[in-house]
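What follows is calculated from the coordinates using simple rules that are stated; it is not laboratory data. Only a predicted model underlies this, so the values are computations on that prediction, with no experimental measurement involved. Virtual Cβ from ideal backbone geometry, glycine too; neighbours counted across all protein chains shown.
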Amino acid sequence: MTTKMLSTLSAAFFLFFTFSSYAQSSSKTYEISGKVIDNELNVPLEYATISIVDVNDAQNVNGGVTNSKGVFNIEVDPGTYNIIVEFISYETKRFNNRQVNSNLNLETIELGISSDNLDEVVVRAETTQVDIRLDKKIYNIGKDLTTAGGTVSDALNNVPSISVDIEGGISLRGNDNVRILINGKPSAMAGFGNTDVLSQLPAEAIERVEVITSPSARYDAEGTAGIINIILRKKETLGFNGSVTVNGGIPENASISTNLNYRTDKYNLFTTTGYRYSESPGYGFFDTQYFEPREDVILDNLMYDRNIEDRDYDRINRGFNTNVGMEYYLSDMSSITGAIFYRIGDDRDVTNNMNDYLMGDTELLGTNRREIENEEDESIQFSLNYVKKFNNEGHELTADFQFETDTETQDASINEFTIYNNTEIDEIDIPSESTLTDEDQKEYLIQADYVLPIGEESQFEAGYRGNFENEVTDYKLFQENSLGEFVLNETQTNIFDYSENVQALYTQYGTKFGSFSFLLGLRLENTNLKGEIDSELTEEELQEEFSFAVDTDFDNNYLGLFPTVNLIYELGKDENITLGYNRRINRPRGWYINPFPSRSSRNNIFQGNPNLNPAFSNAFDLGYLKKWEKFTLTSSVYFQRETDAFQRVQEEVFISGPSGQQIEVIRSIPFNLATNDRMGGELGFLYNPADWLRLNGSVNVFRFKLDGEFNGTDYSQDNSSWFGRFSSKVTLPLKIDWQTNLFYRGPSDEIQGTQEGILNVDLAFSKEILNERATLSLNVRDIFNGRKRNSSTTTEFFSQESEFQWRQGQSVNVSFIYRFNQQKREQRRNDSDQDFEEGFEG
C-alpha cells in the first residue's frame, strides 16, 4: 500500500469522524444505554426487549433489543419515561419515572429466570447453528451425538467447510494450510502446529468453532486457507457444579473426564481433567512398478523391477490432560485469569513392513521389517489474561501472556530379516538399527488488544502480538556392525535447532451505516526463520547426500503488510451479502524443514527441505445468506492465488545405507513450486421442519491450477474435486435421539497421480436418563469401513498404487455423561443465530 493511498484513507477517516462528531453535537435527542445479563451465568442476554414509555403519553412508545453483547443504545427526546426490560422466561425489570434531560446509562441490568418457568425452560442447541459475522462464521457445536466419546478431531469433521483426513490432517475448503487456534491464541492444546494432539482431547470440551475464511487484521496472517478457532467451554454458574463423562468402546478405548466449576461473586475456579487410553490399528499397502530393473545392494545385490510393501500398524495411546484456572474479578469492570494446562502421553507403536521383491511376475525374495517405537510426551502451558472494561459499550483493553514447553522422547528399534517361501533364511544379513530422538519445544506469546467503540455503530481496534518459538531436535542413529554391536552413525546423527519468531502490529476500523457495514484492517508482520544444523557432514557432503544444496546456518527475515477488507450488505432482516479480501502467509513448519529423512521404511521415505521459503496468498470471498422460518441457506464463492506454494513431490534418489552403500529409495519432499490458483464455491443449509426432525448439510466444489516445475520436471496441473456432508437428527418414541452423519470426498487428480473418493458414515443414539441429569449415548463410526486413501502415482521412473487406512475398520463407543448442580438450561438465543449487527469482534 503506497504512502499516497494511506494519506487518502487517513483523510477519509478524518472527514468521517468530523462529520459524525458534528451530527452528534447538533442532535437534540439523548441516549438511554445499558447492558442486560443473566444474574447467575453472568453472560449477556441477546435480543432482550427494551420498552421506553412516555409517562405523559402512554401511546408514545420507543424501544429496541440488545445485541450479542447484551448492550442497548436507544435515542429518545427529552422527557420522563418508564423503562421496561424483558426477556422470555425471565423476570421483568422496570425503571419508573426516569427523567431524561441528558444521556442516561442504566449500566448493568441483571435479570433472573422467572420462578414460574425455572423447571420448565429447557433450551438446547440440538444441532449445529451458525452466527454470521463480518470476518467469520461461528458454529455452535450443539448436541452432536456422533462425537460423544470422541475427540476434538471428530467434532471438527462435522463442521461445514472443514474436513479431517484419515491421518488426522485438517483442511479448510480442501486446503490443508489452515491455522489452528485455541480460544483465539496458538496453544499447546493444538500441539505446536501438530494436529495429532487434537485427536487426544475430548470433544465435550468444545463450546463452538469459528471458521474464519477471511480473517480480520486482529488475527495472525499465518494460514493461507484461513483460521479455525476452537473455543473451549467454561462454566459460569454460581456455586459448585460440573459433569463427569465416561467412555468405552471397540477397538479398545476408554476415557474418563470431568468438568468442574466453583464460582462466587469474586472469583471463578474451573478445571477440565481427563485420562484416555486407545488402541488404533491401521495398515498401508504400496505396489511399486519400476520402469527399469533396479539393484538392492543390501539384499545381496538383488535385481528386481517390482516391490510390494504391506504395512500393519498397532498403536497404543495413553494420555492424561488437565486444565486448571481461576478468574478473579478485580472489580465489576476488570478481571484477571490464570490457567495451567498439563498433558502427558505415553504411546507405543509397532509397525510391520512386509516387502516382496519381484522380477516381472516371479517372486524373488521377501523381507519383514519390524519397528517398535516408544514415545513419551509432556506439555505444560501457563497463561495469564487481564481484561479492563472502561464501560459497558465494548471499550476495553486486554493483555495476554503465555508460555508453553513440550518435551518429547522417541526411541525406536528396527529389525529386518529375509523370507523365501514363507521361511526365514539367514544367508542375507540385514543390520538392525535403533534411533533416539529428543525434541524440546518452547513458545512465548505476548499480546495486547485495545477496542474503542465510536458512537453506536463504529469501532476502532489496535494491538500487538509477539510469538517466539524454538524447537531443538536431537537425532541419533545406531547401526549394527559385523560384531553385532550397535555403533553410532555419525553421518546421519544430527541436531537441528529451528526458531520461528513473529512480531506484529495491527489496526482495524469498522462501522455500519444503514444496511451496509465494513471492517478495514492492516497488519504489519515481521517473520524471522532461523535454523542451525549440527552434523558431521559439511554442506558439500550434505548436498551430495541429499542431492540438493543445504544451508546449515540460515537466518531469514520477511517483512510484510497484510491488508484485510470485510463488507456486509443487508438485503433484509434475514438476508445479507458479504465480501472479503485478505493477504496471508504460509510459513514452513519444523518437520518440513529438517533435511534428515525418516527411517520407518527402507523403500519409501519423507525428507524435509531447509530451503523452503514462506508462501503468500491473496484471497477473495463472496457470500450470501438467507433465512426463512425453518430453513437457513448459506453460500459463497471464493478465489485464492498463492505464490511459492508448497507441494510434495516423489522422486528416486540414493541415500547412504548401514555400511555406507548407496541405496535407491523413493523420496517424498516439499518444494516451492511457483503459483497455485484455487477457486470454488460452497453451499450449506440448516432445516428444522418439525420438532422431531433436524437436517443440515453442505457441499464444497473447488478447482486448483498449479503452475511450476522442479529439477526440469513440469508439475503444472489443473484439477477439480469436491466434498459434501449431510446430517439428520430424529427424535424417536421414548425421547430417543437418532443421528446420522454422512461425509464424502470426491476423487481428485494430484500433481503426480490420482486419488479415489472417500466415504464415511456415522450413526448415533442418545437418551436422557436419571431425570435428565445424565445422558447415555451409543455411536458407530465409519460403518461401511470407507475411510481409506486409495491413490495412484506415476513419475518418469516408476508407477505406484497405494492404499492407506489410519484407523482400520469400524469403531463402536458408549458414552455416559452425568451432570450435577446444573440447571437444565443454557443461554437463550434467537433461533436464527445470525448476528448482522455486531460484526467487529476479533
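Worth pointing out:
- Here the Karplus curve 6.51 cos²θ - 1.76 cosθ + 1.60, taken at θ = phi - 60°, turns the phi angles of the range 506-518 into couplings of 9, 8, 8, 9, x, 7, 9, 9, x, 9, 10, 10, 9 Hz, with x standing for Gly and Pro.
- Going from the residue with the fewest nearby Cβ atoms within 10 Å to the one with the most, ILE74, ILE736 rank ILE736, ILE74.
- What you get for the range 273-380, charging only the Cβ of Lys and Arg (+1) and of Asp and Glu (-1), is a dipole of about 480 debye around the Cα centre.
- Rg(Cα) / (2.2 N^0.38 Å) computed for the range 29-111, rounded to two decimals: 1.03
- The protection proxy used here, the mean number of other Cβ atoms lying within 10 Å of each residue, ranks peptides 280-289, 546-555, 53-62 as follows, highest first: 280-289, 546-555, 53-62.
- For PHE240, PHE765, order by how many other beta-carbon atoms lie within 10 Å, fewest first: PHE240, PHE765
- Backbone phi angles across the range 806-815, fed through the Karplus curve with coefficients 6.51, -1.76 and 1.60 (θ = phi - 60°), yield HN-Hα couplings of 5, 10, 7, x, 6, 10, 10, 9, 10, 10 Hz in residue order; Gly and Pro are listed as x.
- The dipole here belongs to the range 351-438: it is taken about the Cα centre, uses +1 on the Cβ of Lys and Arg and -1 on the Cβ of Asp and Glu, and is about 560 debye.
- For VAL100, the residues whose modelled amide H falls within less than 5 Å of its own, excluding neighbours fewer than 5 places apart on the same chain, are GLY79, THR80, TYR81.
- Taking each residue as 0.36 nm, the span from GLU363 to GLU768 lengthens on full extension beyond its C-alpha to C-alpha distance by 139.9 nm.
- Neighbour-count order for TRP806, TRP591, TRP738, fewest beta carbons within 10 angstrom listed first: TRP738, TRP591, TRP806
- Rounded to whole Hz, the Karplus (6.51, -1.76, 1.60) HN-Hα couplings of the range 746-753, x for glycine and proline: x, x, 8, 8, 9, 5, 10, x
- Summing Lys and Arg as +1 and Asp and Glu as -1 over all other residues whose Cβ lies under 14 Å from the Cβ of PHE291 gives a net charge of -4.
- Computed about the Cα centre, the dipole magnitude for the range 260-807 is approximately 4020 debye when only Lys and Arg (+1) and Asp and Glu (-1) carry charge, each at its Cβ.
- Using the average count of surrounding beta-carbon atoms within 10 Å as a protection proxy, the listed peptides 383-392, 574-583, 206-215 rank, highest first, as 206-215, 574-583, 383-392.
- When peptides 178-184, 628-634, 610-616 are sorted by average Cβ neighbour count within 10 Å, with the highest value leading, the order is 178-184, 610-616, 628-634.
- Here VAL43 and SER331 are evaluated by their C-beta separation; at R0 = 30 Å the FRET efficiency comes out at 0.95.
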